[in-house]
Amino acid sequence: MAYDPQNVFARILRGEIPCRKVYEDEWSLAFHDINPLAPVHVLVIPKGPYVSMADFTAKASDAELAGFFRAVGQVARDLGLEEGGYRMLANTGAAANQEVPHLHVHLFAGAPLGPMLKKVVV
Ligand code: AMP
């Protein structure tokens, strides 16, 4: 999947559309999902133009990589998610129904989150 600079998260990063920000630093931005699936549903994104984790880890600098992963942990700490537990999820590509072609990690918390994955039978 090619990076589309008009994707909604690129537009949020450029300030063209608003978001409910929970964290920002040099490398990363975190904001509330517009359609929350749990009491806490936050997205953490790197600021660089990366479609997926494979794209990010192939092309990003060490500083970007460290900055992003530190931000994910920082957001979990800041929101107090460690105590009750939470789930991280990154949909990638067609099989996972990735809607926005800019790498993002979902953080879900605030209620029992059910099984890890609905069983997929092939
Ligand atoms: P995914 O299917 O992993 O690509 O998830 C994309 C997520 O982005 C969905 O959970 C959407 O609800 C969320 N989303 C789409 N547009 C916005 C927006 N403008 N602000 C916040 N979250 C958004």
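The values are calculated or read from the model by the stated rules, or taken from the named source; none is laboratory data. Please read these numbers as outputs of a predicted model, since none were measured by experiment. Don't worry about glycine lacking a Cβ; one is built from the backbone with ideal geometry, like all the others, and counts go over all protein chains shown. Side chains are part of the model used for accessible areas, which takes the heavy atoms of the whole protein and leaves out ligands, DNA and RNA. Shrake-Rupley method; radii C 1.70, N 1.55, O 1.52, S 1.80 Å.
With respect to the conditions (1) farther than 16 Å from residue 3 by Cβ; (2) hydrophobic (A, V, I, L, M, F, W, C); (3) open to solvent by 50 Å² or more (accessible area, probe 1.4 Å), residue 96 falls short on a single one, namely (3).
Quick one: which of 73, 80 is small (Gly, Ala, Ser), surrounded by fewer than 19 Cβ atoms within 10 Å (Cβ to Cβ) and within 13 Å of the chain's Cα centre (by Cα)? Among 73, 80, only 73 is small (Gly, Ala, Ser), surrounded by fewer than 19 Cβ atoms within 10 Å (Cβ to Cβ) and within 13 Å of the chain's Cα centre (by Cα).
How about the range 1-53: which strands (runs of 3 or more DSSP E) wholly inside it have at least 3 residues that are open to solvent by less than 60 Å² (accessible area, probe 1.4 Å), within 13 Å of the ligand (Cβ to nearest atom) and hydrophobic (A, V, I, L, M, F, W, C)?
Answer list for the range 1-53: 28-32, 40-46.
Of the residues making up the range 89-104, those that are more than 6 Å from the ligand (Cβ to nearest atom) and within 16 Å of residue 117 (Cβ to Cβ) are 89, 90, 92, 93, 95, 96. Residue count for the range 83-93 under the criterion of being open to solvent by 60 Å² or more (accessible area, probe 1.4 Å) and touching a residue at least 60 places away in the same chain (Cβ under 8 Å): the result is 0. Residue 57 falls short on exactly one of the conditions (1) surrounded by fewer than 16 Cβ atoms within 10 Å (Cβ to Cβ); (2) assigned to a loop (DSSP other than H, G, I, E, B), and that condition is (2). Residue count for the range 60-70 under the criterion of being among the aromatic types (Phe, Trp, Tyr) and exposed (fewer than 15 other Cβ atoms within 10 Å of the Cβ): the result is 0. Taking first residues from the range 64-75 that are under 14 Å from residue 53 (Cβ atoms) and modelled with pLDDT of 95 or more and partners that are assigned to a helix (DSSP H, G or I) and open to solvent by 20 Å² or more (accessible area, probe 1.4 Å), the Cβ contacts under 8 Å between residues at least 6 apart in sequence or on separate chains come to 65/57. Against the condition modelled with pLDDT under 95 and among the β-branched types (Val, Ile, Thr), how does residue 51 come out, does it pass? For residue 51, the condition - modelled with pLDDT under 95 and among the β-branched types (Val, Ile, Thr) - is not met.
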